[in-house]
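Undergrad: I have a structure here, written as structure tokens, and I will follow up with some questions on it.
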Amino acid sequence: MTTAQPTGESQPTGEIQPAGEIQPTGETQPAGEIQPAGESQAPGSARPATGRDLDAVVELRALLLAEMGLAVQEPRWRAAARAALSDGLERGRLTVQVAERDGDVVACAVALLQDRLPTPGTPTGTYGWLEQVATLPAARGRGAARSCVLACLDWLRAQGVREVQMQATPAGEPLYRELGFVDEPQARLLRRLDR
């Protein structure tokens with residue numbers, strides 16, 4: 001999986017986008033370092049989600065997961081996802097950024113704080129994880145996802161995070177590459193413990 005830099009919002013971006021670290025291409029800074037603010041926001045700026053937005057955010061997650069080929073019909077995960085989002089927001093451990101069109105949430109992105117052991121490049125041990133970048137099909141290609149991602153990166157930067165990881169889908173990868181995400185040098189491996 002790659003961490004990507006998008007070439008614009010011309011491609012669909014309704015997908016969870018966790019993968020590699022953020023670093024502008026060609027920069028000499030450590031991989032994954034968040035760049036200073038100043039990137040222009042696309043029309044339809046993002047705003048922090050409120051409790052009343054969480055049902056729409058969960059539905060965007062369902063759309064994203066379904067597009068990834070996952071079965072989303074079982075209802076318990078939706079309640080658990082809503083509770084996790086609410087709890088993370090209350091504790092200040094995540095942000096949910098949403099974009100609206102005509103008063104309806106059409107896109108979102110979630111950024112989480114992750115605590116790990118410190119490294120020389122991240123002495124606090126706090127990393128960022130970007131996920132659930134999702135846009136309704138009718139709203140794609142208009143900058144909504146970009147605005148949400150940029151707002152998440154600003155929030156992570158304000159929390160003192162220096163590296164952000166995510167997992168990108170092919171549809172979302174151009175956007176992430178454009179925003180400075182690069183491939184991680186280390187292989188990412190997964191082992192399920194419930195099997």
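The values are calculated or read from the model by the stated rules, or taken from the named source; none is laboratory data. It should be emphasised that the depicted structure is a prediction, and the values quoted were computed from it without experimental measurement. We place every Cβ from the backbone using ideal geometry, glycine too, and count neighbours over all the protein chains shown.
Undergrad: Check off (1) within 30 Å of residue 185 (Cβ to Cβ); (2) assigned to a loop (DSSP other than H, G, I, E, B); (3) modelled with pLDDT of 90 or more; (4) of a type outside the set (Asp, Glu) for residue 36 and give me the number that stays unchecked.
TA: (3)
Undergrad: Only one residue in 148, 108 is in a strand (DSSP E or B), buried (at least 17 other Cβ atoms within 10 Å of the Cβ), at pLDDT 95 or above and touching a Cys at 6+ places or on another chain (Cβ under 7 Å). Which one?
TA: Going through 148, 108 in turn, just one is in a strand (DSSP E or B), buried (at least 17 other Cβ atoms within 10 Å of the Cβ), at pLDDT 95 or above and touching a Cys at 6+ places or on another chain (Cβ under 7 Å): 108.
Undergrad: Got a sec? Which of 117, 94 is among the aliphatic types (A, V, I, L, M) and either surrounded by 23 or more Cβ atoms within 10 Å (Cβ to Cβ) or within 12 Å of the chain's Cα centre (by Cα) (or both)?
TA: That would be 94, the only listed residue that is among the aliphatic types (A, V, I, L, M) and either surrounded by 23 or more Cβ atoms within 10 Å (Cβ to Cβ) or within 12 Å of the chain's Cα centre (by Cα) (or both).
Undergrad: Inspect all residues belonging to segment 51-66 and state whether any of them is over 15 Å from the mean Cα position of the chain (by Cα) and either part of a strand (DSSP E or B) or under 20 Å from residue 158 (Cα atoms) (or both).
TA: No, segment 51-66 contains no residue that is over 15 Å from the mean Cα position of the chain (by Cα) and either part of a strand (DSSP E or B) or under 20 Å from residue 158 (Cα atoms) (or both).
Undergrad: Please go through segment 169-194 and pick out each residue that is part of a loop (DSSP other than H, G, I, E, B) and either under 16 Å from residue 111 (Cβ atoms) or touching a residue at least 40 places away in the same chain (Cβ under 8 Å) (or both).
TA: Those that are part of a loop (DSSP other than H, G, I, E, B) and either under 16 Å from residue 111 (Cβ atoms) or touching a residue at least 40 places away in the same chain (Cβ under 8 Å) (or both): 169, 171, 172, 179, 180, 182, 183, 184, 185, 188.
Undergrad: Please go through segment 111-136 and give me each residue that is outside any strand (DSSP E or B) and either touching a helix residue (DSSP H, G or I) at 6+ places or on another chain (Cβ under 8 Å) or without any contact (Cβ under 8 Å) to a residue 40 or more places away in the chain (or both), ordered by number.
TA: Matches in segment 111-136: 116, 117, 118, 119, 120, 123, 124, 125, 136.
Undergrad: What are the residues in segment 169-195 that are of a type in the set (S, T, N, Q) and within 13 Å of the chain's Cα centre (by Cα), if any?
TA: 169
Undergrad: Would you point out the residue of segment 71-91, among those that are loosely packed, with under 10 Cβ neighbours inside 10 Å and in a helix (DSSP H, G or I), that is farthest from the chain's Cα centre (by Cα)?
TA: Selected residue: 76.
Undergrad: Restricting to segment 54-83, name every residue that is in contact with a Leu (Cβ under 8 Å, 6 or more places away or on another chain) and touching a residue at least 12 places away in the same chain (Cβ under 8 Å).
TA: Within segment 54-83, 54, 57, 58, 60, 63, 82 qualify.
Undergrad: For segment 157-168, state whether one or more residues are part of a helix (DSSP H, G or I), modelled with pLDDT of 95 or more, more than 19 Å from residue 68 (Cβ to Cβ) and in contact with a strand residue (DSSP E or B) (Cβ under 6 Å, 6 or more places away or on another chain).
TA: no
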